[in-house]
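For reference, the structure discussed in these notes is given below.
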Amino acid sequence: MNDKALTIIKWIFDIVLIIVLSFMYYLNEPVNSPRVIYIPEGSIGKIITQMHSKNYNVSKLDIFLLRIFGSPQSGWIDMKTTLNSRWDFLYKLTTAKAALQNITLIPGETTYIFFDQLAEQLRLDRDTLKKEYALQTNQIEGAFVPNTYRLPMGITEKVVIRVLLNESNLQMKKVSQKIFGLYNEKKWFQFVTIASIIEKESANIQEMPLVSSVIYNRLKKGMKLQMDGTLNYGQYSHIKVTPSRIKEDTSTYNTYRYSGLPENPVCNVSFNAIRAAIFPAKSDYLYFMRSKKGTHDFSCNYSTHLDNISRATK
């Protein structure tokens, strides 16, 4: 073999070596990401493009590499750490899954209590949850839709609030557009405020339109609502309303003290309560009293209401 051939071979070898070393260096580059990330459904190219838009250190070459590793799994992925080599990062995208936890927000529950639940079940910091909520929405209460959410262990406070608000907002818009043909946030949360009282006061779904009619009838007549449920706000969600509490509470939630509706919803509400707030029953009822059966007796005048109270307390 002559010198020219040897030179060409050496040149090719050097080029291959450089390529291999560069490739190895590329695979060992660090990739920063949250510990838990969400992978949407879609093509590999779409996934990489989305990650790049979130400032993950990925490139078009990773589209080719992922085709070798396999297709990424859609859903929540637990990366175990926030810093991985590119090799580990791409491999985990195709193999890892996050442990999911069912979190159920029941209709009528307050955000205050829900923060306690999220903090305990997902091992998060309650104060940080509260801070993120205030940063991400201007609604003091009622911004979450009661539902069972599957959330990953390891998710951050910022992301969990964003996910819950986004999913809730999408559901609210969908229902509003179905009923009204559009979504007006201010108008919608006026109904949420009424619905939150309905949620707290009703014994069952069937009663909701009747409770709604009482609220509208009393407001129309300029009567104070005088409903205990409005005082089950925030941390008082499950605390029995007493005469001393009615006397001492100076918040706008106290409908014994103030006329009209509270300034904000009392709790997070179901769509059944929302529909009742939008479509109240047609009635002349102004009062209702919980009977011994657990449901309510409705009445149009105070004397009948007193008789209902007497029967319920005997």
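Coordinate-derived values only; no laboratory data. Keep in mind that this is a model prediction, so the values were computed, not measured. Glycine also receives a Cβ, built like all others from the backbone with ideal geometry; neighbour counts cover every protein chain displayed.
For the residue pairs Lys130/Lys282; Lys178/Lys240; Lys174/Lys247; Lys178/Lys247; Lys178/Lys200, the C-alpha atoms sit more than 32 angstrom apart in Lys130/Lys282; Lys178/Lys240; Lys174/Lys247; Lys178/Lys247. For the peptides 81-89, 48-56, 228-236, the ranking by packing is 228-236, 81-89, 48-56, with the highest mean count of neighbouring Cβ atoms within 10 Å listed first. For Lys292, the lysines whose Cα comes closer than 16 Å to its Cα, not counting residues fewer than 8 places off in the same chain, are Lys314. Ranking of Phe69, Phe115, Phe279 by neighbouring Cβ atoms within 10 Å, starting from the fewest: Phe279, Phe69, Phe115. Peptides 23-31, 131-139, 281-289, ordered by how many other C-beta atoms sit within 10 Å of their residues on average, highest first, read 281-289, 131-139, 23-31.
With neighbour counts taken as other beta-carbon atoms within 10 Å, the residues Phe191, Phe144, Phe64 rank, fewest first, as Phe64, Phe191, Phe144. Entry note, region 107-279: relative contact order of 32 percent, from Cα contacts under 8 Å with a spacing of 6+ residues. When each of the peptides 99-107, 243-251 is scored by how many other beta carbons lie within 10 Å of its residues on average, the order from highest to lowest is 99-107, 243-251.
Across the chain, Cα pairs under 8 Å and at least six residues apart give a relative contact order of 15 percent.
Applying the Karplus relation 6.51 cos²θ - 1.76 cosθ + 1.60 with θ = phi - 60° to region 250-267 yields 3J(HN,Hα) values of 9, 6, 6, 6, 7, 7, 7, 8, 10, 7, x, 8, x, 5, 9, x, 8, 7 Hz, where x marks Gly and Pro.
In the calculated pair distance distribution of the chain, what percentage of Cα-Cα distances lie above 27 Å? Could you put the intermediate results ahead of the total?
On the way: 28258 of 49141 pairs.
That fraction is 58 percent.
Taking other residues whose beta carbon is less than 13 angstrom from the beta carbon of Pro72, and scoring Lys, Arg as +1 and Asp, Glu as -1, yields +2. The angle between the Cα long axis of helix 208-221 and the longest principal axis of the Cα atoms of the chain comes to about 60 degrees, rounded to the nearest 10.
How many percent of all Cα-Cα pairs in region 107-279 sit more than 27 Å apart? Intermediate values should be presented prior to the final figure.
Working: 3969 of 14878 pairs.
The share of Cα pairs beyond 27 Å in region 107-279 comes to 27 percent.
Considered as an equivalent ellipsoid built on the Cα gyration tensor, region 84-199 has semi-axes of 30, 17, 13 Å, the largest given first. Hull volume per residue, based on the alpha-carbon atoms of region 48-124 and their convex hull, is 127 Å³.
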